[in-house]
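Report on one structure; see the data block that follows.
Any read-out appearing in this document is the output of simple, stated calculations on the displayed coordinates, not a laboratory observation. This structure is a prediction, so every number in the text was calculated from the model and none was measured. No Cβ is skipped: glycine too gets one built from the backbone with ideal geometry, and neighbour counts run over all protein chains shown.
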Amino acid sequence: MRSDHRDPVLPNEVEPTDLHPSARNELKTLQADVQERVARHLAMVAFLIDDDPELAHQHALSANRRAGRIPVARETLAITAYRTGDFALALRELRTYRRLSGLDGHVSLMVDCERGLGRPDKAIETGLDVDASRLDTEQRVHLAIAMSGARLDLGQTQQALFELEIPELNPSKAFSWSPDLFAAYSAVLEDLGRSREATQWLAHAERAARALQAHHGSLDELEVFEVYEDEIDDEREAELESEAAEEVIGEFQAVDQDAADGAAVARETADDAADEAADDDADGGFGDAADEAAAGEPGAEAASAADAEMSIEDEVDELLAAAGIIGGESDRDAGAGADADGAADGDEPDADAERRD
C-alpha cells in the first residue's frame, strides 16, 4: 500500500449499517473503531462504483489499508481496480482473495484481467483450471462470456460461439445475467457473418432487460421471469408493421394487374374487330355491318349479321335481273304457268321439224 495514500472524505450520513450484513460480519475481528471506519469506506464503494469508480477505488484502498487480511476488503479492492482498468492490481487482489476465502467465484474477472494484460492463452488456462461444478449459475454464465472473449482474442470465433451455447442461453426466460449472455452471443454471431441471427439475439437481450426492469426495477440474480410475447416487443411490432405494409403493397399490385389484364383484353377485342373488318372488305366491302355489330349492344350482334346476309341476297338478285339472266318474281311465276299449260294441252313436238333441224 502506498504510504502517500490519503483517505477520501466520509460523509457524515454514511453509516456502518449501510454495508451489507454479510460483509459487516467479516469485519467483527477488527477493533470497534477500525471496524466502523472500514465499514463506512466499503459502503461508499457500493454507493460510487457505478457513477464514480475512481473515487470508489480510493475508498477501497482506505479500507484495505486497515483490513488487509479480511477477504471482503481484498475482494472490494480487486473489483474497483478492475473497473478502473488496473488489471495487474485486480488480478493480484483476486488471487489473494481466492487464497483467503477458498472461493473461485470471481474466476471470470481473473480471465478478463488476463485478457486485459494481453494474455488470452493464460486467460483460457485460468478458466479451464476451475471446477465449474463448484460455481453457481451466474458465475458459470459470466465465466462462459469471459472464455468466449478470450477465444475471440485468439481468432477462434467458432469456439467462442461454442463457449456460449450453454443451457442458460434460453430467450424465453430472463435472469439478471441473460442480457449480457444474449448480447455476447449476438456479437459472436455478427463476427461469423450471421447478421440476421445476431439481430434476433440482440433483440432478445433488450427484451430480457426490459422484462427484468418492468418486474423488479433492478437486475436481481435471484429473480427469473418468463418472457411472454404479449410484453413490449419492438422486434415483433416491427414484423407486424412490415407484414401490413407488404399486404397493402400486394393489394395495389393486384389492382394494377387487373387493370393491365383489362387493357390487354380491350386491345385484343379491338384487334379482332379490325381483323374482321379487313376480311369483310376483302369479301365485297360489307364490313360496315360487322363493325356496327361489334360496336353495338351484345344482343344486336346477331340481328346485324342477319341484316347483312339479307342485303347481300337482294343485291345479287338485282345484279342477275339487270343482266337478263332472271326476271322478277312475276316473270318466273308466269313462265312456270306456261309450261304447265303446254303440257296439259298435249302439244307434241313436230317430228319433221326436228328432222329438219
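Couple of notes before you dig in:
- Take every Cα pair under 8 Å whose residues are at least 6 apart in sequence, average their separation, divide by the length of the range 1-103, and the relative contact order is 23 percent.
- Which of VAL14, VAL45, VAL141 has the fewest Cβ neighbours within 10 Å, and the rest in rising order: VAL14, VAL45, VAL141
- Total formal charge among the other residues, if their Cβ is under 11 angstrom from that of ALA150, Lys/Arg +1 and Asp/Glu -1: -2
- Working note: Debye formula, equal point scatterers on the alpha-carbon atoms of the range 1-103, no solvent; log10 I(q)/I(0) at q = 0.10, 0.21, 0.22 Å⁻¹ is -0.23, -1.10, -1.21.
- For the range 115-199: rounded, prolate or oblate by the Cα gyration tensor [a/c cutoff 1.5]: oblate
- FRET efficiency for the ASP18 to ARG134 pair, using the beta carbon distance and R₀ = 35 Å, is estimated at 0.65.
- Surrounding net charge for LEU161, when Lys and Arg each add one and Asp and Glu each subtract one, Cβ distance under 12 Å: -3
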